[in-house]
Amino acid sequence: MIRRGFAALALAVALATGGGAPGPALAVLPDEILDDPALEARARELTKELRCLVCRNESVDESNADFARDLRLLVRERLVEGDTNDEVLAFLVDRFGEYVLLRPQADGVNLILWVSAPAMFVLALGTSLVYLRRRRVTPEALPKRLTEEERARLKELMGD
Amino acid sequence: MIVELGHFAMILAFAIALAQAVIPLVGAHKGWHDWMAVAHPMATTQFLLTAFAFAALTYAFVTSDFSVSLVVSNSHTAKPLIYKISGVWGNHEGSMLLWVLILTLFGAAAAWFGGNLPATLRARVLAVQSAVAASFFAFTIFTSNPFIRMTVPPLDGRDLNPLLQDIGLALHPPFLYVGYVGLSMAFSFAIAALIEGRVDAAWGRWVRPWTLAAWVFLTIGIALGSWWAYYELGWGGFWFWDPVENASFMPWLFATALLHSAIVVEKREALKSWTILLAILAFGFSLIGTFIVRSGLLTSVHAFAMDPERGIFILMILVAFMGGALTLFAVRSQAMEAKGVFGTVSRESGLVMNNVLLAVSSFVVFVGTIWPLVAEMVFDRVLSVGPPFFNMAFTPFFVALAAILPIGALLPWKRGDLRRTMQPLWPVLVLSMAVGSLVWAIQTGHSALGPVGALLGVWVVLGSAVDLWSRTGRGAFAKRFARLFRLPRADWGKSIAHAGVGVTVFAVAGLMAWETEDIRVAYLGEPFEHAGYTLTLQDVRRVQGPNYTSTMAFIDVERDGRFIDQLTPERRFYPVAGMPTTEAAIDYGFIRDVYLVIGDPQDDGGWTVRTYIKPFANWLWAGCIIMALGGFLSLSDRRYRVAAGARRQPTPPKGPKTVAAE
């Protein structure tokens, strides 16, 4: 993790200081856009789901790094060749590992991540319902009378 | 010389913080009044010394004293004065000094305004607050000292990161830190109460103003950060679910939950141990946030201090305070027996649901944020968790929260009747459904996001208005209307803050659902159309800024033949930092922003231009400001004026007045 952090930092610095690139390019460039609007829309959706591997937590769609541009072109290439969205993602995971996905796959241990929110909600809801039921004590259940001690104290306070 | 004095003042403040963390605590335990009383002057002195240290560092930045290492790496003589000042906290070391400054300010404020607290509670609060301050003084002095001198001072500095040379940055951290650090007050009160073994309505009333103040600043701080990202980072995103953003969002969610549960403690003496736990968690999460931001453990777009050693130090602070607090909580929380009894349908239950949803949504954010770390360390899977996950996992809880908000706000305390509560809300529900369907009909072909956002927005805003109106009681319209303006400010604050939530929910949904984008190569003098707007690139010029050079485009924006604005998006280059930036140009509007970005020149003489229409963008920040405004109004209510009670009554107040119950 730390090693990768530094690698990313080094790359970010290299990019920031203009390593190769003439200046801040924009993320999606006009020459990348596909002629078919439906296909282009799908490409945009897909690239929003992909992490730019050399950037600091940016999606491929947002980033202006060269790597992100390559990935955007690659995604479009696959789409033009007729891949489905899932096939494109599978292809990329195959090449770059699941680190490239911003929406983690719901399999294996990742199920913990996906299930944790609903599980926590059910748990919290259950606990609070139990609590609420317990707070709903009827007046009868409360001690009706004062104890001897309290009676004495009350007398004392009232000054009799 | 001044820098050395500042350095010395900081060390002295650290020594006082250490003493103040111990002496009043012993005094409170033994019942020694002079030992307790010493906390007051100590807190004041600590603050004054830290303020002096901060002023000394600011002086070094303003006078460009390049013998100070921090000034060299974050400043430059040519930098405008305002960014020389904001540069003080635009870096790790200086921002830590700001952090301790705010910590000691809160400590001192507790001493100044805490006159109506019982002596032992006040002593303990101040001691705990000072212990927190001491640990951060140690962190600052031993790992991130801002006053280190250079052996050989250079002729000029290396300049501040250009992205940070911005008014948004000048304001964002101070607000955020006041929020983060303000939660330490709730924490100190919680620990003090656990030590005392007593939580009652009065405690709830003392804790609320501090939490509310912290919450208001946190809200503004987050909104400023989001706004800054929106106009500065060049593609108009306002929230990226980045670890650093989540770090500020989790404490906000917990603080919001705490605000609401403290009401139950204050009015009904129930939910005591839960409220204490929330107070601990709220500050705990602001420490976790600090850890995430400063350690660089999670890759973030905003991180500016990647240093594992510092991370470990903060982790130690976190473990010590949270471990201690939670142990104390486990031992003592049983003693907090709740008193209030209430039905399942009641305001109390509504607030419990609010807490469940806020706590769970915060938990979602937490799990998503640390999951990459856990997956890699424990399960050896390298993966990312990004916006698609958070949007999916987080949204349902916030939708549920907005859905129950107006109902919960209107339910009476103790025992409610759902049918009677819903009576004034039915028209609102029908209206919001109608608006939702109308939006659905108009927007053909978009997702359900927009209509749902519109429905919830109208529901929450009008529901809040109904809530306020219902406070005016019965009678003729004119009478009720007159009464409206005599309502306690807390009532206004509540409704306004809730309405702010509605506005924000609507704006987020609208912006995400209806944003449009156009990317093209534009040529000088050749107009192009996007979403009903005609844009013409008139000119591209080189402009010299104070510490940068800029390529500035002049683009005319017209609609239906009517000239709207000339926008000047820029690409800047900061030679000292060697860094290029894009400066978007925005025509702010009531229902939409026109957002323009200029890119690279093309070989054929054209320029890459990106045009966005961002609907309701301003509503997003307006909603946050409305929330904060509600908080301010509530805070200014005389019932919560912390010092007001002290002057009038020498004895501690016995409990809350229930007259103007919310």
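FYI, it's all coordinate maths here, none of it is from the lab. These figures come from a predicted structure and were not determined experimentally. Positions of Cβ are backbone-derived with ideal geometry, glycine not excepted, and every protein chain shown enters the neighbour counts.
Once amide H atoms are built 1.01 Å from N in the peptide plane, which residues 5 or more positions from B:Asp600, or in another chain, come under 5 Å H to H?
It is A:Leu26, B:Thr608, by chain and number.
Dimensions of region B:135-202 along principal axes (Cα, Å, largest first)?
For region B:135-202, the Cα spread along each principal axis is 60, 30, 12 Å.
Modelling each spin label as a point 7 Å along the Cα-to-Cβ direction, I'd like the A:Leu129/B:Arg415 distance in nm, to one decimal.
For the pair A:Leu129/B:Arg415, the computed spacing is 2.3 nm.
What list of ³J(HN,Hα) couplings, whole Hz, do you get for region B:63-80 from phi and the Karplus terms 6.51, -1.76, 1.60, once you set θ to phi - 60° and write x for glycine and proline?
Result, rounded to whole Hz: 8, 6, 7, 7, 8, 8, 4, 5, 5, 4, 7, 10, 8, 7, 5, 7, 6, x.
For the protein assembly as shown, go through all pairs of different Cα atoms, get the mean of 1/r, take its inverse, and jot down that Kirkwood value in Å.
For the protein assembly as shown, inverting the mean 1/r across all distinct Cα pairs yields 28.8 Å.
What ³J(HN,Hα) values, in whole Hz, does the Karplus curve 6.51 cos²θ - 1.76 cosθ + 1.60 give for region A:49-62 when θ = phi - 60°, with x put for Gly and Pro?
So the Karplus estimates, Gly and Pro as x, are 8, 10, 8, 6, 5, 9, 9, 8, 6, 10, 7, 4, 5, 8 Hz.
Determine the calculated [θ] at 222 nm for chain B from helices alone, applying -39500 (n - 2.57) to every DSSP H run no shorter than 4 residues and normalising by the residue count; nearest 500 deg cm²/dmol.
Roughly -21500 deg cm²/dmol at 222 nm, from the helical runs in chain B.
Using the Cα centre as the reference, give the magnitude of the dipole from point charges on the C-beta atoms of region B:473-516 (Lys, Arg: +1; Asp, Glu: -1; all else neutral), rounded to the nearest 20 debye.
With only Lys, Arg, Asp and Glu charged at Cβ, the dipole is about 560 debye.
Sort B:Trp206, B:Trp241 so the one with the fewest other Cβ atoms within 10 Å of its own Cβ comes first.
B:Trp241, B:Trp206
Assuming 0.692 mPa s and 37 °C, estimate D for region B:398-448 with Stokes-Einstein, Rh taken as the Kirkwood radius over Cα pairs, in µm²/s.
Answer, rounded: 257 µm²/s.
List every residue whose amide H lies under 5 Å from the amide H of B:Thr516, counting only residues 5 or more places away in sequence or on a different chain, with H placed 1.01 Å from N in the peptide plane.
Hits under the 5 Å cutoff: B:Ile613.
Taking R0 as 22 Å, what's the FRET efficiency between B:Asn145 and B:Ala320 from their Cβ-Cβ distance, rounded to 0.05?
0.55
Test of understanding: what is the full-extension gain from B:Ala441 to B:Arg483, defined as 0.36 nm times their sequence separation minus their Cα-Cα distance?
11.1 nm
Using 0.36 nm times the number of residues separating B:Val374 and B:Leu328, minus their current alpha carbon distance, what extension gain do you get?
Taking 0.36 nm per residue and subtracting the Cα distance, the gain is 13.8 nm.
Would you list A:Ile33, B:Ile191 from fewest to most Cβ contacts within 10 Å?
Ascending Cβ contact count within 10 Å gives the list A:Ile33, B:Ile191.
Need one value for A:28-35: mean number of C-beta atoms belonging to other chains within 10 Å of its residues' C-beta atoms.
That average works out to 4.
Taking every Cα atom in region B:390-507, find the radius of gyration and the maximum pairwise distance Dmax, and write them in Å.
When restricted to Cα atoms, region B:390-507 yields Rg and Dmax of 15.6, 49 Å.
How crowded by other chains is B:241-248, given as the mean number of beta carbons from other chains within 10 Å of each beta carbon?
Partner-chain Cβ atoms within 10 Å, mean over residues of B:241-248: 1.
Quick one: go through region B:577-592 and flag any residue whose amide nitrogen is under 18 Å from the point 7 Å out along the Cα-to-Cβ line of B:Ile564.
Counting only backbone N, you get B:584-592.
Take region B:516-617, compute every pairwise Cα distance, and split them into 10 Å bins from 0; I just need the percent in each bin.
16, 48, 28, 8, 0
Once you order the gyration tensor axes a ≥ b ≥ c over the Cα atoms, which shape class does region B:202-260 get: rounded for a/c under 1.5, otherwise prolate or oblate by comparing a/b with b/c?
prolate
Could you list the square roots of 5 times each eigenvalue of the Cα gyration tensor of region B:449-583, that is, the equivalent ellipsoid semi-axes, sorted largest first and rounded to whole Å?
Equivalent ellipsoid of region B:449-583: 48, 21, 15 Å, largest first.
As a test of understanding, state the convex hull volume per residue of region B:1-142 from its alpha carbons, in Å³.
Expressed per residue, the convex hull around the Cα atoms of region B:1-142 is 89 Å³.
Cα-Cα over 29 Å: which of A:Lys48/B:Lys494; B:Lys339/B:Lys494; B:Lys414/B:Lys494; B:Lys272/B:Lys494; B:Lys272/B:Lys479; B:Lys84/B:Lys494?
A:Lys48/B:Lys494; B:Lys272/B:Lys479; B:Lys84/B:Lys494
Applying a 10 Å radius around every beta-carbon, put A:96-102, A:59-65 in order of their mean neighbour count, most first.
Per-residue mean Cβ counts within 10 Å order the peptides as A:59-65, A:96-102.
Direction-averaged shadow area of the convex hull around the Cα atoms of region B:312-381, nm²?
Across all orientations, region B:312-381 yields a mean hull projection of 7.4 nm².
Just name one of B:Ala585, B:Thr45, B:Pro174: the one whose Cα is farthest towards the positive end of the charge dipole of chain B (beta-carbon charges, Lys/Arg +1, Asp/Glu -1).
Of the listed residues, the answer is B:Thr45.
Would you kindly compute the Cα radius of gyration of chain B and its largest Cα-Cα separation (Dmax), both in Å?
Computed over the Cα atoms of chain B, radius of gyration and Dmax are 26.5, 84 Å.
Can you work out the PRE-style zone for B:Thr77? Point 7 Å along Cα to Cβ, and I want the residues of region B:147-174 with backbone N under 20 Å.
B:150-161
What is the set of long-range amide H partners of B:Arg559 at a cut-off below 5 Å, with H atoms built 1.01 Å from backbone N?
The list, which skips near neighbours in sequence, is B:Thr534, B:Ile564.
Modelling each spin label as a point 7 Å along the Cα-to-Cβ direction, I'd like the B:Ala531/B:Asp556 distance in nm, to one decimal.
Spacing of the two 7 Å Cα→Cβ label points: 2.2 nm.
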